[in-house]
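Please read the structure below before turning to the comments.
The values are calculated or read from the model by the stated rules, or taken from the named source; none is laboratory data. Owing to the predicted nature of the structure, the values given are computational and were not obtained by experimental measurement. All Cβ positions, even for glycine, are placed from backbone atoms using ideal geometry, and neighbour counts span all protein chains on display.
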Amino acid sequence: MEGLMVTVLKSEQETLEARLPELVKDHEDQFVVVHGREIWNFFGSQDEAIRAGRKHFGPKEPFLVALVTRSPRTIEISSFLLGHRGTDADRP
């Protein structure tokens with residue numbers, strides 16, 4: 001499954017890496033939601049980012065959530081998996 005996730009989120013990861021220098025200037029320590037080649041939005045918490053991404057993109061559309069830092073640690077979230085992981089963001 002991990003190999004599939006890397007393939008599914010490859011364009012999101014590439015987008016994040018390419019845009020990171022500009023994102024750090026204005027959004028350091030915020031969570032970014034990336035969908036395809038689009039930087040969609042920024043949030044103050046991981047839960048907010050996941051919840052908003054799922055609401056916006058739907059339950060089966062993959063998106064990436066990452067904390068914007070000079071050395072980012074990506075939190076890969078695919079909305080169709082949220083119900084199976086039992087995250088707080090999956091609750092109303």
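Listed here are the residues, each with its yes/no results for (1) among the hydrophobic types (A, V, I, L, M, F, W, C); (2) assigned to a helix (DSSP H, G or I).
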position	(1), (2)
T15	no, yes
V34	yes, no
N41	no, no
D47	no, yes
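Looking for something touching a strand residue (DSSP E or B) at 6+ places or on another chain (Cβ under 6 Å) and either small (G, A, S) or modelled with pLDDT under 95 (or both) - is there at least one such residue anywhere in the range 82-89? No - not one qualifying residue is present in the range 82-89. Here L4 clears all of (1) surrounded by 15 or more Cβ atoms within 10 Å (Cβ to Cβ); (2) at pLDDT below 95 except the condition numbered (1). Restricted to the range 7-41, and to residues there that are out of contact with any Leu (no Cβ under 8 Å at 6 or more places or on another chain), under 18 Å from T69 (Cβ atoms) and polar (S, T, N, Q), the residue that is surrounded by the most Cβ atoms within 10 Å (Cβ to Cβ) is T15. Exactly one residue out of S11, S71 is of a type in the set (S, T, N, Q), at pLDDT 60 or above and assigned to a loop (DSSP other than H, G, I, E, B), and it is S71.
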